[in-house]
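Shown next, in structure tokens, is the structure this report addresses.
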Amino acid sequence: FECTVYFEKSEQKSLREIVKAGNYILRKSKDDNELYTIIDSEMDIEKQEIYIYAEDAGLDLLNEIALSYEASEAHPIGWYIQKWTYDSGFEIGINEIPGISKKLKWDDESTVTERLASLAAQFDNAEISYSFDIDGLRVLHKYVNIYKSRGKDLGEQLRINKNLNNIIIKSSVANLATALYVTGGTPEGKDEPITLSGYSYDDKDIYTDGAYLKSRKALSK
């Protein structure tokens, strides 16, 4: 979600606090509630405007790590989602494919957001969305919704100056990491890769915590 907010000079100080990166934006439309996290905000004093870039609040799951995993038997998609969101506050909301079960395996670590996207893809290209129950400004419930695959790939190609007048490409990188789960290679004769477990480091900002490398400054932001 992107937008530009215009302000009077008297509103500048209060608005700067309201649109700080990390704050949330709530959108209500009839029965739908959407929650976004402000990733970037850019204030132009002369033009008296603030540009805001925000992403779906499912972004909360970017700070959760899903480790490599192999299921011992087939499970429905809801079982996997609950496994990786059990301490995040998210619940299963809409589930259009409760009757399908699969035995799945992941060899690498990833964020929970990435793992849920991978999970949905392996369940016949299902789709994941996030929704929220709101009372005023209080979030009562956070839901992960599962939908059957929608639409189809027609394999058509669109070409500039033929089917399209213009293409605009925008890239953005926002470093939100407060902790890194670091792994190295697997030593010969061992089953597990090298990690930071057992290593101690602390420079008042970056420090080790088990196998994690954490940042106090990043967490405060």
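Key figures
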read-out	value
Rounded FRET efficiency, nearest 0.05, which uses the C-beta distance separating Lys190 from Ser129 and R0 of 41 Å	0.50
Pairs from Lys83/Lys204; Lys83/Lys190; Lys28/Lys214; Lys20/Lys217; Lys83/Lys152; Lys102/Lys148 whose Cα-Cα separation, in the structure shown, is over 24 Å	Lys83/Lys204; Lys83/Lys190; Lys28/Lys214; Lys83/Lys152
Amide H partners (placed H, <5 Å) of Glu91, local residues excluded	Lys142, Tyr143, Val144
Carbon plus sulfur fraction of accessible area for region 1-58, probe 1.4 Å, in percent	45
Probe 1.4 Å, protein heavy atoms only - accessible area per residue of region 76-221 in square angstrom	72
Label-to-label distance, nm, for residues given as Arg159 and Val139 (7 Å Cα→Cβ offset)	4.7
Accessible area expressed per residue, region 1-41, with surrounding protein chains retained (probe 1.4 Å, Å²)	75
Answer label for semi-axes √(5λ) of the Cα gyration tensor in Å (calculated), chosen among (i) 39, 21, 18; (ii) 33, 28, 20; (iii) 47, 17, 14	(ii)
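The values are calculated or read from the model by the stated rules, or taken from the named source; none is laboratory data. Quantities reported herein were computed from a predicted structural model and do not represent experimental measurements. Note that we place each Cβ from the backbone using ideal geometry, even for glycine, and neighbour counts take in every protein chain shown. All accessible areas refer to the heavy atoms of the entire protein, side chains included, with ligands and DNA or RNA removed. Shrake-Rupley method; radii C 1.70, N 1.55, O 1.52, S 1.80 Å.
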